[in-house]
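Have a look at the structure below, then the notes.
Laboratory data are not the source of any read-out in this text; all were calculated from the coordinates shown. Here the structure is a predicted model, which is why all the values come from computation and not from measurement. We place every Cβ from the backbone using ideal geometry, glycine too, and count neighbours over all the protein chains shown.
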């Protein structure tokens, strides 16, 4: 890979990392904000899931638009949206329970800002398409692991920063600073995209014709057995991991950990994601290939979720922390491998749209996974993890049908 290409990948990494750092600051605080502003039950669940719902709807749209006009302008628009929405989130939470902004109370603004942030954050597949533009078949999974590493670092330092704004007083008002800090960080990423990031999409890779959203083309792509099976596997993987991730705070609460301790647990998971995707997977996948890496990942993830369930059954905090790396390593091996396989089986003219579908499928799994996980957790603390392990066995069947493909044709 040339030095200019490596420099561009580094800039994409930094841009995505800074944006996800802001996301990692805000997300762990949402349940506490909801409690303070009297958002309960289904309404709180909707507030938690509306971000992923917007990603489900808009990821393919942004991806397809980036196939048409280029990756850089789409990334810039997304970062503008993140900067504005996180800033409004901070402003809304500073008003207090009785405050109003432009005639609306705090709760409607919380929903507006989370929906807006979800739409803006749906540009991650555009960043993946940027990487696909710059990498060959051999380096595709290695490049995709950069996005995973950015996620990991963002989720490591985001909760660590957020922990500074958590009070031990149950009646204490939540601080507006996390929203403002997230907005400022997204603003920094925006400036780097405007002044440093160069366009990656070549004129030859732009689709022909006049349809911006060629739904028929994407429908035909999904109907291809290879792509359809990868999308199904991505859904199952994210669905199982979302069950684990969404119930982990409830499990550690059973172990006696405080809310602040939970921030550190999520930071630990973020650190593991960074280590696994940024170092281990990036180095191994060029040697063993995406298909074998996905097989290793699905086995590790199934075993890890099973071990987490056993630690919940034994109520062993030490065992839980010792087996978390197995689950995270499995997920880290699966994600970039599946993204690379999806990219390699997609024509250059459809990279943004099809990778957007992959993000959309993952977003739907992040909506359904927490719902099922929290529902069955109430019936038994081990159930989400044993269920997740079972889902990954089904994922193993799906992965076993995949083979390392030749690069897709450059024509639609």
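So what's the gap between the Cα centers of segment 302-369 and segment 235-276, to the nearest angstrom? Here the two parts' Cα centres lie 13 Å apart.
Quotient of the Cα radius of gyration of segment 282-412 and 2.2 N^0.38 Å, N being its number of residues: 1.19. Remark: the residue 115-residue 38 segment gains 25.8 nm on full extension, using 0.36 nm per residue and subtracting the alpha carbon distance.
Calculated FRET efficiency, residue 379 to residue 10, Cβ-Cβ distance, R0 = 51 Å: about 0.65 to the nearest 0.05.
Cα-based values for segment 228-330, radius of gyration first and Dmax second, are 14.5, 43 Å.
Note on residue 253 and residue 177: the extension gain reaches 24.8 nm, defined as 0.36 nm multiplied by sequence separation minus the Cα-Cα distance. Relative contact order of segment 231-339, taken over Cα pairs closer than 8 Å and 6 or more residues apart, is 37 percent. With both labels modelled 7 Å from their Cα along Cα-to-Cβ, the residue 279 to residue 46 distance reads 4.5 nm.
Start at zero, step by 10 Å, and the Cα-Cα distances of segment 50-106 spread as 20, 36, 27, 15, 2 percent across the bins. Rounded to 0.05, the FRET efficiency of the residue 98 and residue 371 pair, given R0 = 25 Å and the Cβ-Cβ distance, is 0.20.
I'd like the FRET efficiency for residue 264 and residue 138, computed as 1/(1 + (r/R0)^6) with the beta carbon distance as r and R0 of 51 Å, rounded to 0.05. The partial results should precede the final answer.
Working: r = 38 Å, r/R0 = 0.74.
Efficiency, rounded to the nearest 0.05: 0.85.
The stretch between residue 288 and residue 394, if pulled fully straight at 0.36 nm per residue, gains 35.9 nm over its current Cα-Cα span. Projecting label points 7 angstrom from Cα along Cα→Cβ for residue 403 and residue 69 puts them 4.1 nm apart.
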